[in-house]
Every structure is written in structure tokens, then in C-alpha cells.
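Next up is a structure, given as C-alpha cells.
The values are calculated or read from the model by the stated rules, or taken from the named source; none is laboratory data. No experiment lies behind these values; they were computed from the predicted model shown. Neighbour counts are summed over all protein chains in view; Cβ atoms, including those assigned to glycine, are modelled from backbone coordinates with ideal geometry. Just the protein is used for accessible areas: all its heavy atoms, side chains included, with ligands, DNA and RNA removed. Shrake-Rupley method; radii C 1.70, N 1.55, O 1.52, S 1.80 Å.
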Amino acid sequence: MTDPATKQQPRAAAAAPARADGRAGAPAPPRGKSLGRRIRENWVMFALMTPGVLFLLIFFYVPMLGNVVAFQDYQPFIGFKESPLIGFANFQELFADPAFWESVRNTLGFAFLQLLFFFPAPLALALLVNSLVSSRVKKFVQSIVYLPHFISWVLVVALFQQVLGGAGLVSNFLRDHGHSGLDVMTDPSTFPLLITAQVVWKDIGWAMIIYLAALANVDQSLYESAAVDGAGRWRRMWHITLPGVRSVTVMLLVLRLGDVLSVGFEQFLLQRDAVGARAAEVLDTYVFYHGVVYGDWGVGAAAGLIKGVVGALAIWGANRIAHAFGEQGVYSK
């Protein structure tokens, strides 16, 4: 007597859809949804995303059309259409200017210090805050350290002036104890360290939030298993915590390298006169003074265009290196 289940096998095999390579036994891949259907199904998310997209288009992508000024003898009173094209004359003038190369050297120096001291600081602070046992203390510390991010650079510079300036707290304390005063705010030799300290104090807490989110996704059972096997705190951090945030660290490093020539416009503009242009001139202030203050729009636009191209190449190169080490980076291949 034949088993009823056996009789159903040929019919089930015949009803199975064919695979992409012509063989039966697997369902066909689902067809993609149309753009209109996806918009109708997720219209709330698209509505929330629209203001951000419009902001990027209006303030980031549309102004890129102004890079044509770098190839023109631009006169603001006659506009883009009437200003004559002069080719690469603005770039030749730019490369012949010693002040431009001095601003490039200063920018790279400040970027190196910020990459050396500021980039690992949020990760170290996140590891410290994450190790706190009390969640209430953890939230309190987190709230305190990221508040300076919302303070404007004008107030930050004024605060440092009141502490490290010639009439600040540190200088008055030294005079009261028989020593000479100290004015860090006007000393060109210590200006790079001052700039780096200001950046760390202002933005370390805000940058820490990303690492705390990454640490929250690390599987806690790994720590428990490692503790049972006798691994100490440092070994757990080295073999579990740091690998758990490696992808986020690589992504932030790629983005930081792409923004390596942007070391802070307002911060340098506010302190440029105190230490002199030779110590505080960076690419952002060079573009501002030559393009806006001095009215040399073509040279300023050329410097800004070079800065953007170098930043794009830095992102591309850093992302390729991230792929070589097995990380996704900012975008996939």
C-alpha cells in the first residue's frame, strides 16, 4: 500500500518555483517595490527626512555651483554670467602666495594635534563613563560633559581668557605667590596647544555620545563569559570592548580625515589678532580674508575649491584603507 505522503511528493516538486539558474527547489527572489509604493508605505519617515534633505541641498549642494568663481575674474556687481573666465590664473596667483602655504602648514599642524589628542579623547571618556556602576551617576556625568558643546565659541574664548589670559585667574594666582604673570592667550608658541585644549573641552562630551551608543550594543554575555574564564578588566576591554567599537571608530576616523582641513573658522577668527596671522592663519581664515575682506573673490574661491577636493580625496583614500582592513567605512565598495 502506497503512503499518501509519497503520492504528494511529485505534485509538491512540480509546484515548487524554479530558481534563477533554472533548477527547482527554491522560491524565486521577491520583486522590488516601486518608489511610489515605498513612499506611500513610509511617508512618515520621508516627511521627517525632508527638512534635512532640503537643508543639505540649499546650504551645501547649491552653493557648490559658486565654485565657478575660482575660474573667473569675478565682480559681485555684475554677477556670474558677466564676469570673464580667466582659466587657472587664480590658482597660479594662489600658489605663488607665501601666505597660502603658511596657512596650509598651520592647518595641517593644527589638524595633526587635534587628531592626536582630540580624536581618542571621546573614546577614553566613553570607556570611563561606561564603567560607572550607578546609572544615575552615569547620566549625570554624561549630561555635564556634553553641555559645553552648546556654548558658542565667543563664550568659550572669553572663558579661557578669564582663566589663562594676562589678567586671568592663573596669572593673578601666580602674582599673589611671588611669580610673574602668565598670558597664554597671546603667546604664539603655545597657541596650537591652546586651540587643541579648547576643542577637547568643548566637544569631547558631544563626541562621546556616539561611542556610548556603540558600547551599549556590545553583548554583555561576552563580559560574563570572560570574567568566568578569569579575564581581568583590562583584558576584557582589550578583547571585547575595543573590538566592539572598532567599526564606529574607523568610520569616525574616515570622516575626520575627510574634514582634516577644517580645523575651526570661528575659533581662529576670534583669536587671530591676539597671536598674529602667522600663528593663527588657517585655510578657512585665508579664504575669508582674501575673498570677503580684501575682495579677491577668485583667489578665495580657488583656495576653498582646493580644500574641498583634498577633503574628498582624503575620504576616498581613508575609506579604501578601511576596506583593506575589513571594515565597511563610510560607504561600501
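Could you give the length gained by full extension between residue 201 and residue 112, i.e. 0.36 nm per residue of separation minus their alpha carbon distance, to one decimal place?
On the way: separation 89, 0.36 × 89 = 32.04 nm, distance 1.73 nm.
The residue 201-residue 112 span can extend by a further 30.3 nm.
For the range 137-217, build the convex hull from the C-alpha positions and give me its volume per residue in Å³. Walk me through the intermediate numbers first.
Values: hull volume 9.6 nm³, N = 81.
Looking at the range 137-217, the number lands at 118 Å³ per residue.
To the nearest 10 Å², what's residue 49's accessible area with a 1.4 Å probe?
Roll a 1.4 Å probe over it and residue 49 shows about 100 Å².
Can I ask one more? Quickly work out the residue 119-to-residue 102 label distance, labels modelled 7 Å from Cα along the C-beta direction, and quote it in nm with one decimal.
Going from the residue 102 label point to the residue 119 one covers 2.8 nm.
Compare 41, 82 by solvent-accessible area with a 1.4 Å probe and give them largest first, with all protein chains kept in place.
Greatest to least solvent exposure: 82, 41.
Here's a follow-up. Please compute the volume of the convex hull spanned by the alpha-carbon atoms of the range 227-333 and report it per residue in Å³.
143 Å³
³J(HN,Hα) across the range 33-45 via Karplus (A = 6.51, B = -1.76, C = 1.60, θ = phi - 60°), whole Hz, x for Gly/Pro?
7, 6, 5, x, 5, 5, 5, 5, 6, 10, 5, 5, 5
For the chain, what D do you get in µm² per second when you plug the Kirkwood radius from alpha-carbon pairs into Stokes-Einstein at 25 °C and 0.890 mPa s? Each step should come with its number before you reach the end.
Details: Rh = 25.3 Å.
For these conditions, the coefficient is 97 µm²/s.
Run the 1.4 Å probe and let me know the accessible area of residue 85, rounded to the nearest 10 Å².
In the full protein context, residue 85 sits at about 130 Å².
Work out the FRET efficiency for residue 93 and residue 38 from their Cβ-Cβ distance, taking R0 = 56 Å, and round it to the nearest 0.05.
Numbers: r = 50 Å, r/R0 = 0.90.
Taking R0 as 56 Å, the efficiency between residue 93 and residue 38 is 0.65.
Taking R0 as 30 Å, what FRET efficiency do you get between residue 266 and residue 162 from their Cβ-Cβ distance, rounded to the nearest 0.05? If you can, show how the numbers build up before the last one.
Numbers: r = 18 Å, r/R0 = 0.61.
Once the sixth-power term is evaluated, E becomes 0.95.
What's the carbon and sulfur percent of the range 214-333's accessible surface, probe 1.4 angstrom, rounded to a whole number?
On the way: 4090 of 6700 Å².
Roughly 61 percent of what the probe reaches on the range 214-333 is carbon or sulfur.
Additional query: Cα-based Rg of the range 178-255 per 2.2 N^0.38 Å, rounded to two decimals? Please report the intermediate quantities before stating the final value.
Values: Rg = 19.6 Å, N = 78, 2.2 N^0.38 = 11.5 Å.
In units of the 2.2 N^0.38 Å rule of thumb, it is 1.70.
Roll a 1.4 Å probe over the protein heavy atoms and report the accessible area of residue 140 in Å², nearest 10.
Approximately 140 Å² of residue 140 is accessible to the 1.4 Å probe.
Taking amide H positions as placed in the peptide plane 1.01 Å from N, state which residues far from residue 72 in sequence (5 or more) or on other chains have amide H under 5 Å from it.
Result for residue 72 returns 86.
Kirkwood hydrodynamic radius (Cα pairs, Å) of the range 23-139? It would help to have the intermediate numbers written out before the result.
On the way: mean 1/r = 0.0463 Å⁻¹.
With all distinct Cα pairs of the range 23-139 included, I get 21.6 Å.
Ok, one more. What is the extension gain from residue 174 to residue 216, computed as 0.36 nm multiplied by their sequence separation minus the C-alpha to C-alpha distance, in nm to one decimal? Each step should come with its number before you reach the end.
Numbers: separation 42, 0.36 × 42 = 15.12 nm, distance 4.49 nm.
Result: 10.6 nm gained on full extension.
While we're here: For the range 54-178, what's the relative contact order in percent, using C-alpha pairs closer than 8 Å and at least 6 residues apart? Walk me through the numbers on the way to the answer.
Details: 41 pairs, mean separation 11.3, N = 125.
After rounding, I find 9 percent.
Also, quick follow-up: Write down the accessible area per residue of the chain in Å², having rolled a 1.4 Å probe over the full set of protein chains. Working shown, then result.
Numbers: 21430 Å² over 333 residues.
Value for the chain: 64 Å² per residue.
What are the radius of gyration and Dmax of the range 71-177, computed over its Cα atoms and given in Å?
23.7, 67
Okay, moving on. Could you please state how large a percent of the accessible area of the range 36-142 is carbon and sulfur, counting protein chains only and using a 1.4 Å probe? Don't skip to the answer; put the middle values down first.
Details: 5490 of 7640 Å².
Within the range 36-142, the accessible surface is 72 percent carbon and sulfur.
In terms of Cα to Cα distance under 13 Å, which aspartates and glutamates are near enough to residue 81, apart from those fewer than 8 places away along the same chain?
Counting by Cα, and skipping residues close in sequence, residue 81 has these aspartates and glutamates nearby: 73.
Ok, one more. Using a Förster distance of 22 Å, how high is the FRET efficiency between residue 86 and residue 278, based on the Cβ-Cβ distance and rounded to 0.05? Don't skip to the answer; put the middle values down first.
On the way: r = 30 Å, r/R0 = 1.35.
Working from the Cβ atoms, E equals 0.15.
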